[in-house]
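Each reported figure results from applying straightforward, stated rules to the coordinates on display, with no laboratory input. The shown structure was predicted, so the numbers you read here are calculated from the model rather than taken from an experiment. Cβ sites come from the backbone with ideal geometry, for glycine too, and all protein chains shown count toward neighbours.
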Amino acid sequence: MVSAVGVVITGKNYESFAEKYASLLGYDIGEIQTKIFPDGEYYVRIKKPELIHGNKVAIINTMYPRQNDSLLETLMLIDAARKAGAKHVVVIIPYLAYARQDKVFLEGEPVTASIVVKMIRMVGADALVVVDIHSVKTLEDFNGKALNVLVSDKLVEKALNILNNPVVIAPDKGALHRAKYAAEKHGLEYDYLVKRRDRITGEISIMPKELRIDGRDIVIIDDIISTGGTIASAARILQSQGARKIIVAATHGLFIGNALEKIRSAGIEKIYTANTLGITHRDPLIETIDVSEKVVSEIRHNNII
């Protein structure tokens, strides 16, 4: 039996944060052994399963990069903890893979976001914690205690060091709740971009729904930057309407392909992202903010652990 109240086990994608989360939770760290069999199949084992028996376990893994491998590893760790006699298993996934397919867009598609959370529940998780999931409605399919932690306030807090009374802008209505959450935390105005059609000419323009942004600093809020197209387009629109300085606060910075080139060319001066991924971006345009304390604080506040 361990002296702490629980054990943290991290997957390979997130093992560099094991000590930080263990310290914040007051848990011990459990080590794992992994290998790849000659046929390509994956093997994982909790090295000292006796540390697990009768204890609370927090399994922490992020699902980018190597989405398929990290998903399978997470499921295997949950099952291993259960079979080792864990009293309570909380799964913390800073970035949930497949979450953007949260509904059927074209006939014949699966809803992969639902599949992933159902698997996590089915294999033995008592509770699930995610960070800024694409659609919080996905967590309804977990059919258990689930928590989505918004961290846009922490990213905007950092941006305020270089901006003057900015307007917080969501690139679309779907991201408005993130902008609203951050703006209200810091006493800022917020809005989102909408398409408008001129009734006479038929010309389509995109602009903030309510606020004028001429001469104002801007923080664009979103959950994910993937290829950078959405953020770059939003920045160009805001610049055309007189925005002074544009900063981006996006929780999950994947930056696929030439995403950074697109973003730079759109005039964005800085990007703040959270440490939710298993990669580190070494580019002066990007600053990564540690949100571990916020995640653990929300876990405790919501009685997840």
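Per residue, the average separation of C-alpha pairs within less than 8 Å and at least 6 apart gives segment 1-41 a relative contact order of 44 percent.
Equivalent ellipsoid of segment 6-149: semi-axes from √(5λ) of the C-alpha gyration tensor, largest first, are 25, 17, 14 Å. Restricting attention to segment 6-149, close to 20% of DSSP beta bridges with both partner residues there are antiparallel.
With K and R counted +1 and D and E -1, the other residues having a Cβ less than 12 Å from that of Ser226 yield a net charge of 0. Using the Stokes-Einstein relation with a Kirkwood hydrodynamic radius computed over Cα pairs, the translational diffusion coefficient of segment 152-289 at 4 °C and a viscosity of 1.567 mPa s comes to 87 µm²/s. The phi-based Karplus calculation (6.51 cos²θ - 1.76 cosθ + 1.60; θ = phi - 60°) puts the 3J(HN,Hα) values of segment 19-25 at 5, 5, 5, 4, 5, 5, 7 Hz, whole numbers, x for Gly and Pro.
Of the cross-linked pairs Lys158/Lys209; Lys103/Lys209; Lys118/Lys154; Lys35/Lys83; Lys154/Lys180; Lys20/Lys56, which ones have a Cα-Cα span greater than 22 Å in the structure shown? In this structure, Lys158/Lys209; Lys103/Lys209; Lys118/Lys154 lie more than 22 Å apart at Cα. Using the rule -39500 (n - 2.57) for each DSSP H run of four or more residues, divided by the residues of the chain, the 222 nm mean residue ellipticity is -8500 deg cm²/dmol. Selection among Pro38, Leu147, Val116 by position relative to the dipole of the chain gives Leu147 as farthest towards the positive end (Cβ unit charges, Cα centre). Can you tell me the orientation of helix 67-83 relative to the chain, as the angle in degrees between its alpha-carbon axis and the longest Cα principal axis, to the nearest 10? Between helix and principal axis, roughly 40 degrees. Once you have a ≥ b ≥ c as the square roots of the Cα gyration tensor eigenvalues for segment 1-76, tell me rounded if a/c is under 1.5, and otherwise prolate or oblate according to whether a/b is larger than b/c. Judged from the Cα gyration tensor, segment 1-76 comes out oblate (a/c at least 1.5, b/c at or above a/b).
Could you calculate the FRET efficiency of Ile162 with Ser233 from 1/(1 + (r/R0)^6), where r is the beta carbon distance between them and R0 is 22 Å, rounded to 0.05?
0.45
Under a Gaussian network description of the chain, with springs only between Cα atoms under 10 Å, the residue in Glu31, Glu210, Glu15 that fluctuates furthest is Glu210. Distance from the alpha carbon centroid of segment 67-118 to that of segment 267-282 works out to 24 angstrom.
Each Lys and Arg contributes +1 and each Asp and Glu -1, all at the Cβ; summed about the Cα centre of segment 6-149, the dipole is approximately 340 debye.
Spin-label model, Val194/Leu211: points 7 Å from Cα along the beta carbon direction are separated by 1.6 nm.
Only Cα pairs under 8 Å and 6+ residues apart enter the sum, and on that basis the relative contact order of the chain stands at 13 percent.
The residues Arg282, Arg100, when put in order of fewest to most other Cβ atoms within 10 Å, stand as Arg282, Arg100. Would you please give the residues with an amide H less than 5 Å from that of Ala86, counting only those at least 5 places away or on a separate chain, with H modeled from the backbone geometry? Result for Ala86 returns Gly54. Compared with the dominant principal axis of the Cα atoms in the chain, helix 229-240 is inclined by about 30°. Kindly state, to the nearest 0.05, the FRET efficiency for Ile115 paired with His186, given R0 = 35 Å and r defined as their beta-carbon distance. That pair, Ile115 with His186, gives E of 0.45.
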